[in-house]
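Taking it in order: structure first as structure tokens, then the write-up.
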Amino acid sequence: MIRALALAVAVGSVVLAGCVPARFYVAPGDEIPGPPGTIIRAVRIEPPPGMEAYRILYRSTGVNGEPIAVSGFVVMPAGFRNQEVQHVVAWAHPTTGVETHCAPTLAPLMFEQLAGMEGLIREGYAIAATDYPGLGTPGIHPYLVGDSEGRAVLDSVRAARNLIGSTVDDRFALWGHSQGGHAALYATMLARDYAPELSLVGVAVAAPATRLATLVRDDAATGEGRNLAAMSIWAWSRLFDTPVAAVVDADAIPVLDEIADDCIDTIAGLVERLDPAKVIDAGFLSVPDLTAVEPWRTLLDANTPGVTPRGVPVFIAQGTADELVLPPVTESYFRSLCAAGRPASLLLMPGVTHGEAGRRGAPAATGWIADRFAGRPAPDTC
């Protein structure tokens with residue numbers, strides 16, 4: 001009883017419920033200001049057997065430094081609070097869409113979207129899983145905007161620690177796939193300044209979005225790649241007040257809007273979930289090269305992850321059959337880490353596609369994360 005009361009005080013309001021009304025995601029203006037990572041509200045939800053889980057709304061920092069609310073969920077082994085050593089792993093999800101209703105916490109397969117969840121739970125870790133700003137919560141989703149994603153990921157760790165209690169170790173790890181790999185790398189770059197009270201032991205990513213300009217050019221060759229580029233254009237045009245009509249053919253704009261309104265449960269289902277009429281045509285751009293046009297060129301460069309800080313090991317899993325994040329792009333980023341003297345490990349997975357990269361790379365990533373928490377030397381395949 002005392003433990004349950006303490007938890008209720010810590011999170012403000014805990015409701016035992018399996019269904020959350022839409023108002024859960026909307027915080028009144030006077031509730032939003034406060035230390036990043038503190039919890040506005042939490043709802044206990046029904047997890048897979050042997051686990052405990054909460055849907056959370058927590059405080060974070062927006063694109064322009066303003067206080068915002070971000071949603072997500074925390075899942076942990078049953079009895080986690082009784083463990084002597086408690087670690088948090090932050091999961092950064094792949095693309096689920098760019099509209100508010102595309103939040104993972106609103107999806108029917110919420111837990112299934114978390115690649116490697118069972119293995120991380122077996123290792124005894126709590127998992128903090130952000131929706132990212134603008135998914136679940138009102139506002140524009142800053143799709144592939146690095147600082148925004150990174151802060152939301154770091155604040156999800158803070159939120160998990162606030163939810164669980166002060167006994168949680170200050171060490172944490174990051175794990176992300178695709179867009180989530182991009183978010184995890186940015187969280188790594190921001191961690192020391194933005195969340196100095198936390199200690200990052202390592203970052204694991206699968207098929208991360210790194211060289212954004214290169215990815216935009218590469219993805220023009222496939223329907224699913226063009227759809228992802230269209231999502232970026234749709235979100236950035238609204239976020240940075242840049243007219244879509246300046247770079248998108250007028251006939252393609254209605255299709256772009258339809259693509260933006262669709263959600264995907266997993267990135268593997270990107271094409272399958274879309275009607276053929278919603279696969280944007282190869283000639284949807286009205287400019288020959290988006291990456292050479294301002295402000296898109298500057299935005300792409302500004303949101304391309306750089307080299308991670310010294311002392312933070314990196315694990316990268318990449319499928320050789322990936323047609324969205326081409327292996328040479330990931331290998332180029334890996335070589336940049338090596339050239340900078342960062343401890344990095346690259347796992348190439350033969351025949352694995354982009355959609356499979358998170359799930360197929362999860363066992364290796366989980367083992368790698370466990371070794372980082374155990375203090376073992378990080379492997380270096382440079």
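Only bridges with both residues in the chain count here: give the DSSP antiparallel percent, nearest 5.
Here the antiparallel bridges make up roughly 45 percent for the chain.
What does the highest-first list of 367-374, 54-61 look like by mean Cβ count within 10 Å?
54-61, 367-374
Find which of VAL312, GLY361, ALA339 sits farthest along the positive direction of the dipole of the chain, computed with +1 on the beta-carbon of Lys and Arg, -1 on that of Asp and Glu, about the Cα centre.
The one lying farthest along the dipole's positive direction is VAL312.
Helix 146-164 versus the longest principal axis of the chain: what angle, 0 to 90°, nearest 10, using Cα atoms?
Long axis of 146-164 versus the principal axis of the chain: about 20 degrees.
Run the numbers on the chain and let me know its relative contact order in percent, using alpha-carbon pairs under 8 Å that are six or more apart.
It rounds to 15 percent for the chain.
What does the net charge come to around ARG372 if you take all other residues with beta carbon closer than 15 Å to its beta carbon, with K and R at +1 and D and E at -1?
Taking every Cβ under 15 Å from that of ARG372, the sum is -2.
Give me the angle, in degrees from 0 to 90, between the Cα long axis of helix 357-373 and the longest principal axis of the Cα atoms of the chain, rounded to the nearest 10.
40 degrees
Students often check this: by mean Cβ neighbours within 10 Å, which of 330-343, 306-319, 196-209 ranks highest, and how do the rest follow?
The most tightly packed comes first, giving 196-209, 306-319, 330-343.
Using all Cα-Cα distances in the chain, what percent lands in each 20 angstrom bin from 0 up to the longest?
31, 59, 10, 0
On C-alpha positions alone, give me the angle between the axis of helix 179-194 and the longest principal axis of the chain, in degrees, nearest 10.
Value to nearest ten degrees: 60.
Every read-out reported here was derived from the displayed coordinates using simple, explicitly stated rules and does not represent laboratory data. Here the structure is a predicted model, which means the values were calculated and not measured. Ideal geometry is used to build each Cβ from the backbone, glycine not excepted, and the neighbour counts take in all protein chains shown.
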